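Presented below is the structure to which this report refers.
The values are calculated or read from the model by the stated rules, or taken from the named source; none is laboratory data. In this text, all values refer to a predicted model and were calculated from it rather than measured experimentally. Because the Cβ atoms are built from the backbone with ideal geometry, glycine has one as well, and the counts that use them run over all protein chains shown. The accessibility values were calculated without ligands, DNA or RNA, using every heavy atom of the protein model including side chains. Shrake-Rupley method; radii C 1.70, N 1.55, O 1.52, S 1.80 Å.
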Amino acid sequence: MFRYILKRLFIFVPTLLVISLVVFMLGVYAPGDPVLNLLTQQSGGESMDDKKSGEEAYIKKWKELGMNLPVFYFTISSQASCDTIYRIHRKAHRETLEAMTNEYGNWNEVDLYYKQLQQFENTVLTFKPDSVSSRSWSRLRDNVSQLYLRGGESSFTELAMERMDKSTAKINDTLNVLVPALTDLKSSYQNVKSNATTWKKYIPSFNWYGFNNRYHQWITRFVRFDFGISYQDRKPIAKKIGDNIFWTMLISIISIILTYIIAVPLGVFSAIRKGTMADGITTTFLFILYSLPNFWIATLLIIFLCNPQYIQMFPAFGVGTEAAEGQSFFSALGIRIHHLILPLFCWTYGSLAFLSRQMRGGMLGVLRQDYIRTARAKGLPESKVIWKHAFRNSLLPVITIFANIFPLMISGSVVIEVIFTIPGMGKMLVDAMVAQDFPVVFTIVMMVATLTMIGYLIADILYAFVDPRITYSSKK
Amino acid sequence: MKLFNKKEKEVTEDSKDAPQTYWSYVKRQFMKNKRALYSLYIVIFLAFIAIFADFLSNDKPLVCKYESGIYFPVFREYAVDLGLANWQEEFNNALWNDLEYDWAIFPPVPYKNTTLDYDNSNYAGPFDKQEVRSTQWRHWLGTNKLGNDVLACMIHGTRIAFLVGIVSMGIAFFIGIFFGALAGFFGDDQLKMTRGRILMNILAFPLAIFYFSVFFEWSIIAGVLGFLAVFVLANLLGKAMDFVPWLNNKVKVPMDIIITRFIEIVVSVPVLILVLSVVAVFPPSIFLVMGVIGLVRWTGIARFIRAELLRVRSLEYVEAAYALGYPRWKILLRHAIPNALAPVFIAVAFGIAAAILTESFLSFLGFGIPIELNTWGQLLTQSRSAPKAWWLAIFPGFAIFITVTLFNLIGEGLTDAIDPRLKQ
């Protein structure tokens with residue numbers, strides 16, 4: 001048994017690693033710049049005027065999030081690309097430069113061009129335009145900032161250069177002083193193009209970055225239960241989860257208990273009365289229940305039972321925190337139950353139908369066995385045959401289903417929590433996804449994965465306890 | 001249908017006493033199950049709607065006479081979409097519903113899922129008075145807030161649901177067959193390689209991924225070819241290293257163990273949550289949804305194939321094929337896999353149901369499918385902000401429910417037909 005558990009753990013670790021890698025890479029390659037998102041949230045928009053302080057704030061935040069480190073332990077890239085490109089702090093710039101190196105295969109020249117572009121930008125920004133040139137100057141500035149973002153498309157770069165030429169080339173304009181700097185920029189761009197080494201793209205290179213990387217930092221903190229802070233409200237994620245996990249767990253546990261209490265007898269009775277009309281009705285009903293998508297039922301319930309336009313029997317959202325405040329214990333409980341009835345129903349009915357179908361199948365299988373016939377033949381009362389001999393043996397598959405139900409409930413909770421606005425893990429996950437709050441998404445996905453696997457392990461162990469014939473230790 | 005070859009068919013039709021083939025047996029068993037059979041008929045009907053969605057619901061006429069010329073705009077649309085033709089001058093950027101036709105035959109639903117009817121926006125109900133020219137233009141199932149015709153959205157939603165279900169399971173089918181066949185056919189002791197080749201294959205893996213990503217920029221086929229080419233070269237190199245003493249020892253590759261462990265890892269992944277996070281992060285795309293569902297749902301198929309092949313491997317006819325000197329891959333492709341396919345269809349039927357459910361779940365949460373397509377799940381989610389529009393809650397949800405149930409029933413019917421325990 002012990003060896004078996006060890007073997008299972010042997011699977012868990014790589015599984016968790018794979019999931020963590022997938023989720024982490026999602027966060028890295030997701031569109032959007034988390035640093036920028038955070039900054040704009042805090043200050044309500046980046047002001048163009050004090051570019052310098054904005055840049056400093058950006059770099060500070062960038063370092064704070066640990067994004068100045070390489071992404072992973074190693075990369076397999078091409079000779080053309082740059083192995084220290086992670087040191088460029090602006091994500092948009094990095095992507096533009098990567099696109100350029102990918103096209104021309106010559107990092108050195110691209111790097112020179114980037115430096116030249118920054119220099120040119122400085123020259124442009126320090127220039128004090130007079131009333132005549134101010135319009136062309138602002139156009140020039142826009143072109144430069146566009147070059148950072150869309151410089152990866154060569155056609156766009158050409159166009160921007162041409163436009164900048166026009167803006168600076170007007171006769172008797174003060175902007176003329178910028179012409180030499182622009183010429184430098186253009187020549188460095190020409191260098192990128194003429195010294196292209198496209199072949200380098202096809203030669204792989206392996207870079208080793210060591211342990212000081214973003215993935216390593218994140219995963220080592222994660223194992224120590226240090227989940228970091230949420231991008232959305234700067235709260236520690238552990239605390240956020242602590243606040244939210246209560247409702248998910250509460251409803252899941254009540255729902256599992258309800259499922260077993262109702263489904264097991266239902267399955268047994270339907271199996272005993274096989275072929276009767278009662279069985280037919282139950283079976284059909286359970287099949288329909290099993291196939292009904294829970295988000296449809298939840299939507300229907302919330303529209304038709306929680307609405308003044310139709311019937312208003314239940315509150316439409318929340319868990320009644322405000323209403324229950326200051327009430328006596330029992331009336332508070334009543335309010336909570338009133339709020340939770342519909343979500344609980346939607347949470348439960350699918351697994352209930354699934355479980356009773358399984359129970360019925362298992363029971364039917366057992367009732368066909370020889371020892372049941374023997375028990376009946378020796379004159380045992382039917383109730384004893386059913387409950388003592390058949391029921392116990394048919395419990396076996398039902399126990400293992402626990403492992404499947406548990407993760408299903410957590411995934412299923414996502415949509416129910418969203419519909420009924422229950423402040424649980426599922427709703428938190430969806431909110432975090434919409435807000436691109438990756439630390440929260442990582443944490444929840446990893447937690448669900450861990451819980452899923454613990455569920456499987458518990459099921460395996462239970463299985464061995466219930467059925468003494470099963471041994472995991474000796475094989476072959 | 002390649003599987004029913006003509007000769008076998010004739011035999012079963014001629015005489016029922018003659019030995020039946022396995023496939024005709026499965027077919028007969030399936031036909032006996034009326035519930036599953038009718039489900040299959042309805043699914044075929046729905047598939048018909050999905051395929052001809054453009055002819056059933058379109059804002060363009062099927063045939064029309066316009067300014068003394070006869071046109072076939074719906075057909076033309078296919079040509080335009082394929083890049084074979086352009087719109088005629090007079091139809092460029094036309095508002096199809098408002099053109100002054102001499103005469104025109106419209107599809108049964110003269111709207112598309114993306115057509116906005118501004119006169120009937122803001123939830124016009126099926127029984128409400130609608131601002132339409134005639135009964136032909138009525139919105140039989142109502143409209144949503146923007147004025148999309150719900151019936152049109154339902155018809156095109158059928159297409160999206162079927163597309164996602166079938167394509168994603170198609171992807172899963174090939175991945176599953178590939179891994180399942182490798183594990184089941186070779187087992188733990190059938191595949192022997194020299195140490196040199198094993199080493200080269202392991203080393204080739206990262207390189208293959210690199211070349212896949214490099215050539216992927218050209219096209220997906222180039223990427224796959226690049227990937228395979230690296231492995232071919234690695235194996236040739238491994239063979240060339242046979243003169244090195246230690247490296248040329250042949251060892252068994254425990255294919256079955258490796259792949260079973262891999263399957264176990266994929267199975268333990270919480271699928272729904274993972275699919276949700278992948279789809280939520282990237283911009284909406286139907287291909288992403290199909291790909292991701294396909295990539296996580298193949299394990300059931302692989303398990304079926306593996307189990308069947310492990311069984312088939314020791315059957316007499318495979319041994320006979322060996323004895324006749326057929327090459328291993330030929331036995332695998334020609335004899336073993338076709339016989340192992342039957343149970344796989346069970347997994348595919350249930351898988352399509354699950355994929356359609358996943359797609360509507362994602363649409364419902366607002367991830368994955370572009371929002372302007374108005375799929376079933378998206379319509380359903382719109383009903384939450386407008387409780388009075390009951391038609392937005394009832395019809396799309398019912399469509400999801402029916403489609404999922406039908407595929408589940410077919411799956412059950414197949415299980416009953418194929419399960420050997422029921423054989424008398």
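So the values come out like this:
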item: Qualifying residue in the range B:393-407 (condition: among the aromatic types (F, W, Y) and at the interface with chain A (Cβ under 7 Å from one of its Cβ atoms)); result: yes
item: Candidate set from the range A:190-207 (those that are away from chain B (no Cβ under 11 Å) and in a loop (DSSP other than H, G, I, E, B)); member that is nearest to B:G223 (Cα to Cα); result: A:T197
item: Test for B:I369: is it within 14 Å of another protein chain (Cβ to nearest Cβ) and under 28 Å from B:I44 (Cβ atoms); result: no
item: Qualifying residue in the range A:138-155 (condition: more than 35 Å from the chain's Cα centre (by Cα), hydrophobic (A, V, I, L, M, F, W, C) and closer than 28 Å to A:M67 by Cα); result: yes
item: Candidate set: the range A:412-439, residues that are away from chain B (no Cβ under 11 Å) and among the β-branched types (V, I, T); chosen: the one surrounded by the most Cβ atoms within 10 Å (Cβ to Cβ); result: A:I416
item: Of all residues making up the range B:31-62, the number that are surrounded by fewer than 18 Cβ atoms within 10 Å (Cβ to Cβ), over 19 Å from B:W376 (Cβ atoms) and out of contact with any Pro (no Cβ under 8 Å at 6 or more places or on another chain); result: 8
item: Number of positions in the range B:372-385 that are of a type in the set (A, V, I, L, M) and more than 9 Å from chain A (Cβ to nearest Cβ); result: 2
item: Positions within the range A:308-327 being surrounded by fewer than 16 Cβ atoms within 10 Å (Cβ to Cβ) and either farther than 16 Å from A:I422 by Cβ or β-branched (V, I, T) (or both), in sequence order; result: A:P308, A:Q309, A:Y310, A:I311, A:Q312, A:M313, A:T321, A:E325, A:G326, A:Q327
item: Residue satisfying condition, being among the polar types (S, T, N, Q) and outside any helix (DSSP H, G or I), within set B:S383, B:S360, B:S314; result: B:S314
item: Meets criteria (surrounded by 18 or more Cβ atoms within 10 Å (Cβ to Cβ), assigned by TED's automatic domain parsing to the domain that holds A:N207 and in contact with a Phe, Trp or Tyr (Cβ under 8 Å, 6 or more places away or on another chain)) for A:L97; result: yes
item: Residue in the range B:239-256 that is within 31 Å of the chain's Cα centre (by Cα), modelled with pLDDT of 85 or more and under 24 Å from B:R311 (Cα atoms) present; result: yes
item: Residue within the range B:326-342 that is among the β-branched types (V, I, T) and in contact (Cβ under 8 Å) with a residue 60 or more places away in the chain present; result: yes
item: Residues located in the range B:313-370, provided they are more than 25 Å from the chain's Cα centre (by Cα) and either open to solvent by less than 10 Å² (accessible area, probe 1.4 Å) or among the aliphatic types (A, V, I, L, M) (or both); result: B:L315, B:V318, B:A320, B:A321, B:A323, B:L324, B:I331
item: Selection count, the range B:132-155, where residues are open to solvent by 10 Å² or more (accessible area, probe 1.4 Å), polar (S, T, N, Q) and outside any loop (DSSP other than H, G, I, E, B); result: 2
item: Count of the range A:416-455 residues which are among the acidic types (D, E) and assigned to a helix (DSSP H, G or I); result: 2
item: Filter result (modelled with pLDDT of 85 or more, surrounded by fewer than 21 Cβ atoms within 10 Å (Cβ to Cβ) and out of contact with any strand residue (DSSP E or B) (no Cβ under 7 Å at 6 or more places or on another chain)) within the range A:230-243; result: A:A238, A:K239, A:I241, A:G242, A:D243
item: Conditions (1) open to solvent by 50 Å² or more (accessible area, probe 1.4 Å); (2) more than 12 Å from chain A (Cβ to nearest Cβ); (3) among the aromatic types (F, W, Y); (4) within 27 Å of A:D460 (Cβ to Cβ); number of the one not met by B:W246; result: (4)
item: Residue list for the range A:289-330, restricted to those being β-branched (V, I, T), in contact (Cβ under 8 Å) with a residue 24 or more places away in the chain and within 10 Å of chain B (Cβ to nearest Cβ); result: A:I297, A:T299, A:I302
item: The one condition in (1) touching a residue at least 24 places away in the same chain (Cβ under 8 Å); (2) among the charged types (D, E, K, R); (3) outside the structural domain of A:H389 (by TED's automatic domain parsing) that A:D243 fails to fulfil; result: (3)
item: All positions within the range A:100-138 that are under 28 Å from A:G32 (Cβ atoms) and surrounded by fewer than 16 Cβ atoms within 10 Å (Cβ to Cβ); result: A:K115, A:Q118, A:N122, A:L125, A:S138
item: So A:T348, is it under 29 Å from the mean Cα position of the chain (by Cα) and either part of a helix (DSSP H, G or I) or not assigned by TED's automatic domain parsing to the domain that holds A:A271 (or both); result: yes
item: Check on B:I352, within 14 Å of chain A (Cβ to nearest Cβ) and among the β-branched types (V, I, T); result: yes
item: Verdict on A:G365 being within 11 Å of another protein chain (Cβ to nearest Cβ), under 30 Å from A:R224 (Cβ atoms) and assigned to a helix (DSSP H, G or I); result: no
item: Set A:S252, A:S270: member being touching a Ser or Thr at 6+ places or on another chain (Cβ under 6 Å), in contact (Cβ under 8 Å) with a residue 60 or more places away in the chain and outside any loop (DSSP other than H, G, I, E, B); result: A:S270
item: Helices (runs of 4 or more DSSP H) contained in the range A:58-171 and holding at least 1 residues at pLDDT 80 or above and closer than 21 Å to A:K200 by Cβ; result: A:91-104, A:107-126, A:154-168
item: Any hit, the range B:98-115, residues being in contact with a Lys or Arg (Cβ under 7 Å, 6 or more places away or on another chain) and of a type in the set (D, E); result: yes
